[in-house]
Amino acid sequence: MLISPTRLTFSETPGQGEVTLRTTGAPQTYDVLLVDRVMTPDGRILEATDPALGPLAGPFRASARQVLSTALTTVAVSPEAGSRVRVSYAGAGGLAPGEYRTHLTFRAQPTAAAEASAPRVVFAYAIPLIVRIGAVDARAAIEAVRLRRLSSPGAAPNAVLQTTPALGVELVRLGSSSVFGDVEVQSLRDPAGPLLAELRGVAVYPEVARRTLVLPLTRELGPGERVRIRYIDRDVKPGRLLADVELAPGGVQHARSDRTAP
């Protein structure tokens, strides 16, 4: 299923947002829910009550559910026409300054064929709904950059493991607000050439201080080759450089981020 946009952000003023759903597959009916979800340091998004969170599982303290609502409880999606779901925001009310979030979730209702099968897989899609009260402080840094090798088994039986080059990085949230943007890796030997790696739409939410990423590279790095890793804003000021790092053969040579509070 295709969902557009993939996130909605509200400020202090009451308003509405709209999400369009499209599918290229069979028609499907979905339950429409507001579900609190949290991010883990490895980037997983889990329901706030998921036992996998261990002692952190429980009510999400920064939930935006009390100020957001949807008129629909179910929505039917077909290839012939897109469906729309409207989200209403009641305004800040008594919320203290800060960032609040819940996730607009579409959970597939089981078909007759699915009900008859076991085990049954339930498909769900979710996008963040973010409410920001007061000043926005979205700053970030890139740290812990290191070269890695990713292993994968060969296609033939008893084949030797295949490895591909990759970069491991940590995105660090410096401000009190979440950050959202694109990560790009560019060779400094060919600054206008194709990217060596890219990851679009990467967020770090306020419940985690940093998020670990692994970026597979499209090729091996040459002897002495330097690369630049950039994190580019797609949220508060689209196109703004949130952070960048230059990696040389001997390690990180240059790092820059906007550490100045607004």
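So here's what we get for this one:
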item	result
Strands (runs of 3 or more DSSP E) contained entirely in the range 1-68, each with at least 2 residues that are under 18 Å from the mean Cα position of the chain (by Cα)	2-4, 8-10, 28-35, 37-39, 45-47
Residue match in the range 216-225 (condition: modelled with pLDDT of 95 or more and crowded, with 16+ Cβ neighbours inside 10 Å)	yes
Restricting the range 20-45 to residues that are within 24 Å of Leu95 (Cβ to Cβ) and out of contact with any Ser or Thr (no Cβ under 7 Å at 6 or more places or on another chain), the residue that is surrounded by the most Cβ atoms within 10 Å (Cβ to Cβ)	Val38
Search result, residues across the range 175-208 that are touching a residue at least 40 places away in the same chain (Cβ under 8 Å) and either among the aromatic types (Phe, Trp, Tyr) or surrounded by fewer than 14 Cβ atoms within 10 Å (Cβ to Cβ) (or both)	Phe180, Leu188, Gly201, Tyr205
Residue check, Ser88 assigned to a strand (DSSP E or B), touching a residue at least 40 places away in the same chain (Cβ under 8 Å) and not assigned by TED's automatic domain parsing to the domain that holds Val172	yes
Exclusive hit being at pLDDT below 95 and not charged (D, E, K, R), set Ser78, Ser69, Ser63	Ser78
Residue that is small (Gly, Ala, Ser), at pLDDT 95 or above and either surrounded by 17 or more Cβ atoms within 10 Å (Cβ to Cβ) or more than 30 Å from Ala248 (Cα to Cα) (or both), where the choices are Ala126, Ala114, Ala155, Ala92	Ala126
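The values are calculated or read from the model by the stated rules, or taken from the named source; none is laboratory data. Everything numeric here is computed off the predicted structure, so don't read it as measured data. With ideal geometry, Cβ positions are generated from the backbone for all residues, glycine too; neighbour counts draw on all protein chains shown.
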